[in-house]
1. So, PRO84, is that one closer than 29 Å to LEU149 by Cα and either touching a residue at least 12 places away in the same chain (Cβ under 8 Å) or of a type in the set (S, T, N, Q) (or both) or not?
2. Mind listing whichever residues of region 131-156 are under 15 Å from ASN20 (Cβ atoms), open to solvent by 40 Å² or more (accessible area, probe 1.4 Å) and in a helix (DSSP H, G or I)?
3. Give region 79-103 a look and list any residue that's under 17 Å from GLY24 (Cα atoms), open to solvent by less than 80 Å² (accessible area, probe 1.4 Å) and β-branched (Val, Ile, Thr), or say none.
4. Taking GLY128 as meeting all but one of (1) in contact (Cβ under 8 Å) with a residue 12 or more places away in the chain; (2) open to solvent by 60 Å² or more (accessible area, probe 1.4 Å); (3) not polar (S, T, N, Q), write down the number of the exception.
5. Does ILE110 satisfy being among the β-branched types (Val, Ile, Thr), surrounded by fewer than 19 Cβ atoms within 10 Å (Cβ to Cβ) and over 28 Å from TYR4 (Cα atoms)?
6. Of all residues in region 109-146, which are in contact with an Asp or Glu (Cβ under 8 Å, 6 or more places away or on another chain), under 29 Å from TYR33 (Cα atoms) and of a type in the set (A, V, I, L, M)?
7. Quick test of your reading of the structure: THR27 fulfils all but one of (1) over 20 Å from the mean Cα position of the chain (by Cα); (2) surrounded by 14 or more Cβ atoms within 10 Å (Cβ to Cβ). Name the failing condition by number.
8. So, in region 54-78, of the ones that are basic (Lys, Arg) and surrounded by 11 or more Cβ atoms within 10 Å (Cβ to Cβ), which residue ends up nearest to PRO136 (Cα to Cα)?
Amino acid sequence: METYTKKERNYYLLGLAGQNLLYGAVTSCLAYYLQFTILIPAAFVGVIVSVSRIFDAVKDPLMGAELSRSHKQFRNWLKIVPIPTGLLTVLCFTNGIWSNDSGGIKNALIVTAAFVCFLLWETVFTLGDIPLMGYPSLMTENETDRNKLLSLRPVGALASSISSLTVQPLA
């Protein structure tokens, strides 16, 4: 039975680490940024985060089912998705500043932009996350080797959480 080389394993784990760091940074820092940097009221930030979590719970299984039908194209997704993910990450953190002095239309546009950017980011991120989680099945048919790779995901998630918590107070 063929399995992955150490080099392939290391590249996969490097991609997994980068993915975990980006997800941890965006999801833990965005709410802070929206509320304390661009001054969107906490109620609106709560709605943005809550709706995005509900949307995430609905879209993930649907996108997972669709992407699993084309599992041979996982590599293509993994090559393409980082570009829009990077652009949307920047857009999530580029927004106008809420002002009680300005009209309601400007503030509504600020909240709408934050909401739309984050939902788009979540969607595009999922397009890269699902193939990344499914890729070990293409790297090896050996279940033990595949499980070894997948068992390292929580370690990367923990490292990204610690990194995000370390960076957030500095913002």
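The values are calculated or read from the model by the stated rules, or taken from the named source; none is laboratory data. These numbers come from a predicted model, not from an experiment. Neighbour counts run over all protein chains shown; Cβ positions are idealised from the backbone, glycine included. SASA here: full protein model, heavy atoms, side chains in, ligands and nucleic acids out. Shrake-Rupley method; radii C 1.70, N 1.55, O 1.52, S 1.80 Å.
1. On the way: closer than 29 Å to LEU149 by Cα: yes; either touching a residue at least 12 places away in the same chain (Cβ under 8 Å) or of a type in the set (S, T, N, Q) (or both): yes.
Against the criterion (closer than 29 Å to LEU149 by Cα and either touching a residue at least 12 places away in the same chain (Cβ under 8 Å) or of a type in the set (S, T, N, Q) (or both)), PRO84 qualifies.
2. MET133, LEU150, SER151, ARG153, PRO154, VAL155
3. THR85, THR89
4. The single condition GLY128 does not satisfy is (2).
5. no
6. ILE130
7. Condition not satisfied by THR27: (1).
8. Taking region 54-78 as the starting set, the residues that turn out to be basic (Lys, Arg) are 59, 69, 72, 75.
From the residues that got through so far, the ones that are surrounded by 11 or more Cβ atoms within 10 Å (Cβ to Cβ) too are 59, 75.
Details: LYS59: 22, ARG75: 11 Å.
Among residues in region 54-78 that are basic (Lys, Arg) and surrounded by 11 or more Cβ atoms within 10 Å (Cβ to Cβ), the one nearest to PRO136 (Cα to Cα) is ARG75.
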